[in-house]
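As structure tokens, the structure follows; a few thoughts come after it.
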Amino acid sequence: MSESHQSNARLPSFRLLAGFEAAARLGSYVLAADELCVSPSAVSHQIAQLEAQLDQPLFRRKGRGVELTVAGRVLHESVVRSLGVVRHGLQRIGTYFDEGLVTLVCPAPVAHGWLQPRLGALIAALPGLCPVVSVDETARYIDELDVDIAIGRRPLDQPGVHEVALMTDALVAVGVPALAGSAEAGEKAELLCLESDMTGDVTGRVLRERFAGRRRQTIYDDPRLLLDAVLRGRGVALVSRLLADEALADGRLVRLPGHAPVAAGTLWIARIDGTPRSPLVTGLFEGLRQAAARMDDPVDLP
């Protein structure tokens, strides 16, 4: 069959493909008919139509049921993938028309340390809101379907998006009061750190200059695990002040004396430009900006 003929070939109807998929999955026209709420003869007729259109046998009899031929297995793989895409699309449409669901993408450390303590108040202030909070930063593209609001450490620079600076971050040296409450205790504490910080241009230099000679107790690849270890009193660490925000505010952590904060950049917040699909998107966007503006800044950057 030529390429042009293949591209112009008539696609089987969704009804035929749905009947084929059910029969292939269940190995029985009778069971497929029961699932689809039609008669077994209707399923048999659908399969016959599909085989005639494709000019290929798709099933062979096996006992009281059926099994796929080689051609049937090839088609089945494609149909299963295609139906999966369709089902996912239907789910996305359902989400789109539920105005209460607002998808927010946010870096995991910011979501864990800064957003979580404030989320209850934001929900209470916006009746009907059900935030969908994701830390998958690969899905930051604003499209009003997958992502309504994105918070990130760099601008999206995406056409049709309203984007503003949200707040600044800094790295602060912290520990539990017993370890970091005094300069003497802090100097004896072991170091906990992130693997990425050890090789970073700025953080690597800070760790070498300020914590030289200090034993590194544990190295992590997730900031949330690093924070957990510090809260357990296992050592001191250089962490995002947004990640440690709640623990610093309630006194579970204190800043290490004599260690100035290190600038860690600006966070940006973005949503669709113009009127979003739901007033709750605008409400959450503005609520997050107000929460950031009200936050007491615990650091004085040089």
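Data for the structure
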item	result
Of all residues making up region 218-236, the number that are in a loop (DSSP other than H, G, I, E, B) and either within 22 Å of C106 (Cα to Cα) or small (G, A, S) (or both)	4
Any pair with Cβ under 9 angstrom, 6 or more apart, that starts in region 120-133 at a residue that is free of Cβ contacts under 8 Å to residues at least 24 places away in the same chain and ends at one that is loosely packed, with under 15 Cβ neighbours inside 10 Å	I123/C130
Yes/no for G94 being at pLDDT below 90, in a helix (DSSP H, G or I) and over 18 Å from the mean Cα position of the chain (by Cα)	yes
Given (1) closer than 17 Å to V176 by Cα; (2) in contact with a Lys or Arg (Cβ under 8 Å, 6 or more places away or on another chain); (3) part of a strand (DSSP E or B), number of the condition V239 does not satisfy	(2)
Selection count where residues are basic (K, R), part of a helix (DSSP H, G or I) and over 21 Å from E246 (Cα atoms), scope region 276-291	0
Residue in region 209-249 that is nearest to the chain's Cα centre (by Cα), counting only those that are among the charged types (D, E, K, R) and at pLDDT 95 or above	D228
Selection count where residues are of a type in the set (A, V, I, L, M) and farther than 22 Å from R10 by Cα, scope region 46-74	2
Only one of L227, L238, L288, L242 that is in contact with a strand residue (DSSP E or B) (Cβ under 7 Å, 6 or more places away or on another chain), of a type outside the set (S, T, Y), under 18 Å from L166 (Cβ atoms) and not assigned by TED's automatic domain parsing to the domain that holds Q116	L242
So V43, is it among the β-branched types (V, I, T) and closer than 22 Å to P12 by Cα	yes
Residue list for region 25-46, restricted to those being assigned to a loop (DSSP other than H, G, I, E, B), more than 23 Å from S78 (Cβ to Cβ) and of a type in the set (S, T, Y)	S39
Residues of region 155-188 satisfying the condition of being out of contact with any strand residue (DSSP E or B) (no Cβ under 7 Å at 6 or more places or on another chain), in a loop (DSSP other than H, G, I, E, B), modelled with pLDDT under 90 and on the phi < 0 side of the Ramachandran plot	Q158, P159, S182
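The values are calculated or read from the model by the stated rules, or taken from the named source; none is laboratory data. Bear in mind the structure is a predicted one, so any value in this text is a computation, not a measurement. With ideal geometry, Cβ positions are generated from the backbone for all residues, glycine too; neighbour counts draw on all protein chains shown.
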